[in-house]
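Here the structure comes first, spelled out in structure tokens, and everything after it is commentary.
The values are calculated or read from the model by the stated rules, or taken from the named source; none is laboratory data. Small disclaimer: the values here were computed from a predicted structure and weren't measured. Neighbour counts run over all protein chains shown; Cβ positions are idealised from the backbone, glycine included. Keep in mind that these areas ignore ligands, DNA and RNA; they rest on the heavy atoms of the full protein, side chains included. Shrake-Rupley method; radii C 1.70, N 1.55, O 1.52, S 1.80 Å.
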Protein chains: 2
Amino acid sequence: MNDANRFLDRAVELARQNVEAGGRPFGALVVRDGEVIATAVNEIHLSHDLTDHAKLLAIRAAARDHGPQVLKGSAVYASGHPCPMCLAAMRLAGVNAVTYAYSNQDAAPFGLSTADLYNELKLPFAEQSMEIRHRPLDGSPRPDLYEQWAKAQSDPE
Amino acid sequence: MNDANRFLDRAVELARQNVEAGGRPFGALVVRDGEVIATAVNEIHLSHDLTDHAKLLAIRAAARDHGPQVLKGSAVYASGHPCPMCLAAMRLAGVNAVTYAYSNQDAAPFGLSTADLYNELKLPFAEQSMEIRHRPLDGSPRPDLYEQWAKAQSDPE
């Protein structure tokens, strides 16, 4: 069995164990230089936090345990299709590649697909079902928030 | 000053204080029934976890402190344009509306815009710069992961 299959099998096994523990069927691991540096399962059944997805928790665990630099160029292996939150999180963290075993098509009959959310998030903000409003501050003077940050970056005390 | 402006002003003030503390210029709060139930700032300067965005941390704090149900129908007020991770997280958590003061256009000159990431995440997986691979398990028998979960849901011990 090659490495990719071995890592995927382990992610699926994590997901299976999570089902036995009363959780959702999702597991993920972060691999760097051929080594597994973090694993996680979906923890919504424990925390009731609907953002506690396996992939997000796995990259957060990797950053916490090894420092964030470890994620740059890492690979994620996941039992299931990444949701838009986890995909964006992996991008922000510098993950290089993600491989998954079960697709959204596999998940759809069980209400576990995120295909509809993907499609909606591609729409312009004004056409999405969540109200997304840009409301520039109308106070005067307007705080130059980003300029202040740039100045703090270039001129640290 | 109406409520929306008051909440936005507070989010921007959180962001400003975070800059003073050495962090990035982002703050957010979660409002439910006219009350602020959680606040957060971007904590990347503390944790070095690149997913520690103000909006994600604010909804996680609200779920942790008040239970996840509180987020359904809640509103988020944020200093800055939501990134794709935070937007998807708010959707997953059931947040109803998000209002922000500073746009990606405001952020672009300072390298803080997520417009490019939004554009790329709209592409088909095969066209994105991160490698995203679907690799169905080829083992036999293939574990019926999602069926097992559905059975566990309908027939809890």
- prompt: Does residue B:3 satisfy the condition of being more than 9 Å from chain A (Cβ to nearest Cβ), more than 15 Å from residue B:98 (Cα to Cα) and surrounded by fewer than 21 Cβ atoms within 10 Å (Cβ to Cβ)?
  reply: no
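Can you name the residue in the stretch A:78-89 that is touching a strand residue (DSSP E or B) at 6+ places or on another chain (Cβ under 7 Å), within 9 Å of another protein chain (Cβ to nearest Cβ) and not in a loop (DSSP other than H, G, I, E, B) and, of all such residues, is nearest to residue B:56 (Cα to Cα)?
A:80
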message: Just the residues that are over 25 Å from residue A:3 (Cβ atoms) and either more than 9 Å from chain B (Cβ to nearest Cβ) or open to solvent by 30 Å² or more (accessible area, probe 1.4 Å) (or both), please, taken from the stretch A:105-117.
response: A:105, A:108, A:109, A:110, A:111, A:113, A:115, A:116
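Go through the stretch B:56-74 and report how many residues are closer than 28 Å to residue A:143 by Cα, among the aliphatic types (A, V, I, L, M) and at the interface with chain A (Cβ under 8 Å from one of its Cβ atoms).
So the count comes out to 2.
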Subset of the stretch A:17-28 [touching a Pro at 6+ places or on another chain (Cβ under 9 Å) and part of a helix (DSSP H, G or I)]: A:18, A:19
task: Could you list all residues from the stretch A:107-150 that are in contact (Cβ under 8 Å) with a residue 12 or more places away in the chain and outside any loop (DSSP other than H, G, I, E, B)?
output: A:107, A:117, A:118, A:121
statement: Across (1) open to solvent by 40 Å² or more (accessible area, probe 1.4 Å); (2) farther than 27 Å from residue A:49 by Cβ; (3) within 9 Å of chain A (Cβ to nearest Cβ); (4) in a helix (DSSP H, G or I), residue B:92 clears everything bar (2)
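I'm trying to understand the selection: among the residues of the stretch A:57-87, which are of a type in the set (Ser, Thr, Tyr) and open to solvent by 10 Å² or more (accessible area, probe 1.4 Å)?
The answer is A:77, and nothing else.
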field: Residues of the stretch B:1-16 satisfying the condition of being over 20 Å from the mean Cα position of the chain (by Cα) and assigned to a helix (DSSP H, G or I)
entry: B:3, B:5, B:6
task: Give the residues of the stretch A:32-55 that are at the interface with chain B (Cβ under 7 Å from one of its Cβ atoms), of a type outside the set (Val, Ile, Thr) and either open to solvent by less than 30 Å² (accessible area, probe 1.4 Å) or assigned to a helix (DSSP H, G or I) (or both), sorted by residue number.
output: A:49
message: If a residue must be at the interface with another protein chain (Cβ under 7 Å from one of its Cβ atoms) and open to solvent by less than 30 Å² (accessible area, probe 1.4 Å), how many such residues does the stretch A:118-136 contain?
response: 3
query: Listed residues A:28, A:38; which is touching a helix residue (DSSP H, G or I) at 6+ places or on another chain (Cβ under 6 Å) and under 21 Å from residue B:46 (Cα atoms)?
result: A:38
- request: Could you please let me know if residue B:101 is over 27 Å from residue A:119 (Cβ atoms) and facing chain A (nearest Cβ under 7 Å)?
  value: yes
